[in-house]
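Bear in mind that the values in this text are calculations on the coordinates, not laboratory data. Note that the structure is a prediction, hence the values are computed from the model and not measured. All Cβ positions, even for glycine, are placed from backbone atoms using ideal geometry, and neighbour counts span all protein chains on display.
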Amino acid sequence: MYDLQQPLGIGATRAICVNDGQPLSVLMAASEVVGFAKTGGLADVAGALPVALARRGIRASIIMPLYRCARQAKPAPQPTDHVLTVPVGKGVKHGRLWRTDLADGAVPVWLVEQNDYFDRDDVRAGRGIYNETRPDGSRCDYADNAERFLYFSRAVLEALPVLRLWPDVLHVNDWQTGLVPVLLRELYRPLSDHFKHIYYDGIRTLFTIHNIAFQGNFPPQDLALTGLPQRLFHFEQLEFHGQLSYLKAGIVFADLINTVSPTYAQEIQTPYYGHGLQGVLSAHRHRLSGIVNGVDYEVWDPRHDRHLAARYGPDDLSGKAVCKAALQREYGLTVDASVPLAGVVARLTQQKGVDLIATIAPGLLDQGCQLVILGEGDARFHTIFKDLRQRYPDRFGLTLGFSEPLAHRIEAGVDLFLMPSAFEPSGLNQLYSLRYGTPPIVRATGGLADTVTDTNEQTLAAGTATGFRFSSYDAHALWLACQRALGLWRERPDLWRQVMRNGMRQDWSWDRSAAEYEALYVRLCRNP
């Protein structure tokens, strides 16, 4: 058994109080959390933000499913005596809560055990937490995902009285928890009127959209699993083109909505980026905002990065040249400080602008540039880049797959970083690049537009330039941005170093993001 009295928070210097002088309490509900299970940026947010909130004196905790991979986390989760009885359709499914902690006990992590739903992931067998590999090598979602994440959503709400945990804010994330706000409003808040020890009516909800392309749309008959009334299944609430949409449920029923950058919050209200939900988001725009994700500078900082050949910082850049030479040797490239070296760390898909990179790469290499790429994805890009490696063995380096240490060495060793995404809700690699003195070349979309300041005469004079931006999604626009960057690198090394240092001194930490989330939580609690 665990002590349910949570510590105030690591290094807390203050505590925001909103109700009866008590510190603000936030429960983060997410389908994945870094260190336990991860497929994308959601996991990074769900793992890092609560720790940063705890540093601000907020009582933060996390709840997620107990996948097979999560059992291997450190410190290892342990079973508790807390048993859940969760309605699913006309029956119930029992589960158990497990417990571990982050940040030396400052942030409790509750994991929902239900083996029929969550104990199936196996990398060797091609089974992930959301989908599995077919015999032909393609991926397909699990057929019961609607039921799995309906169970998790209801388990979150069923856990609160069991734990005697009544947060001020229930912060839910992406389609996997999109049903929580509607379940809370329709099925659980009414319980507060009947049972004096039940306090659902005091909980406010924040719904964060990490990538609107993933929506959790299911056949309409799956509504019967939820216990929600049929009257909600229409175009203004749960129905989306004839299907039950978990993402739309979160958008419509949450008290506030946010996404992972201010620009992305605007973009998803347009047809190009909205994936059919732009009208719904526009109708609820008064509840929609954006906060850029943060970076863990304990992990991503060249001043103390254990993966690098040499350490360096904005006041002493000499170690970056050492890192460049080491990376050139690692990839078998010509070791030459006078040759510009560009890097890419990304999923090799069109969303990441890899088709644009593939188009301009031969031209860059013919100009004498070097290029290294780390990632995996679409087979056609694998073929293109393997061919380039054969044609330019001393200028082009390729690693198909992913390596965390190598990602660090690339960020530190290259002169500039290519990130021409078709869309990018927030983005992390451009933030790593800034910290590592590697000016990024980005398409001005989503979080890339919010975090990279274009280099031009005005921004150089103002001391604000941190990278290079272009707008149109086409290879020629990327080519021109690269030529601008290479021109400055070759002709004005003093200004190039200024751009490097500007980026390295930016604060894109989770502490900055946590302060913005705190303001959002306080707004929720003070304006119910």
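Quick notes
- Computed over the stretch 318-508, the percent of Cα pairs more than 26 Å apart is 22.
- By average C-beta atoms within 10 angstrom, highest first, the peptides 504-513, 471-480: 504-513, 471-480
- The stretch 373-481: C-alpha gyration tensor shape, a/c 1.5 cut-off, then a/b vs b/c: prolate
- With the cut-off at under 12 Å, measuring from each backbone N in the stretch 54-80 to a point 7 Å along the Cα-to-Cβ line of Asp119 picks out 66-69, 71.
- The stretch 412-454 residues near the modelled Thr349 label - backbone nitrogen below 18 Å, point 7 Å along Cα→Cβ: 419-430, 443, 445-448
- For the pair Val335 and Thr359, the difference between a 0.36 nm per residue extended length and the Cα-Cα distance amounts to 6.1 nm.
- Projected label points at Lys38 and Ala213, each 7 Å from Cα along the beta carbon direction, are separated by 2.0 nanometres.
- Distance between the stretch 269-289 and the stretch 202-264 - C-alpha centres, whole angstrom: 13 Å
- Helix 475-491 vs. the chain, principal-axis angle (Cα, 0 to 90°, nearest 10): 60 degrees
- Mean residue ellipticity at 222 nm, helices only, the chain: -10000 deg cm²/dmol; runs of at least 4 DSSP H residues each add -39,500 (n - 2.57), and the sum is divided by the number of residues.
- Potential extension, Ala310-Thr459 segment - 0.36 nm per residue separation minus Cα distance: 50.6 nm
- Net +/- balance of residues flanking Val335 in space, Cβ distance below 13 Å, scoring K and R +1, D and E -1: 0
- Short-range pairs are left out: with C-alpha atoms under 8 Å and at least six residues apart, the relative contact order of the stretch 318-508 is 20 percent.
- Counting only alpha carbon atoms, the long axis of helix 145-163 and the longest principal axis of the chain meet at about 60°.
- Beta bridge orientation in the chain: antiparallel %, DSSP, nearest 5: 40 percent
- Taking Cβ atoms as reference points and 15 Å as the exclusive limit, the residues near Arg303 contribute a net charge of -2, counting Lys and Arg as +1 and Asp and Glu as -1.
- Charge tally around Gln237: other residues with Cβ under 14 Å, Lys/Arg +1 each, Asp/Glu -1 each, net 0.
- Packing rank of 453-459, 294-300, 408-414, where each peptide gets the mean count of other beta carbons within 10 Å, highest leading: 408-414, 294-300, 453-459
- Nearby lysines by direct alpha-carbon distance to Lys320 (threshold 27 angstrom, same-chain neighbours under 8 apart not counted): Lys352
- Computed lengthening from Phe402 to Ala283, 0.36 nm per intervening residue step minus Cα-Cα distance: 38.8 nm
- Working from Cα pairs under 8 Å separated by at least six residues, relative contact order for the chain is 11 percent.
- The C-alpha atoms of the chain define a longest principal axis, and helix 354-366 lies at about 10 degrees to it.
- Cα gyration tensor category, rounded, prolate or oblate, for the stretch 436-528 with a/c compared to 1.5: prolate
- Using a Förster distance of 45 Å, the FRET efficiency for Glu186-Ala321 (Cβ separation, nearest 0.05): 0.15
- The Cα trace of the stretch 300-426 gives Rg and Dmax of 14.2, 43 Å, the first to one decimal, the second as a whole number.
- Paramagnetic reach from Arg512 (point 7 Å along Cα→Cβ, amide N under 20 Å) across the stretch 446-487: 446-456, 459-470
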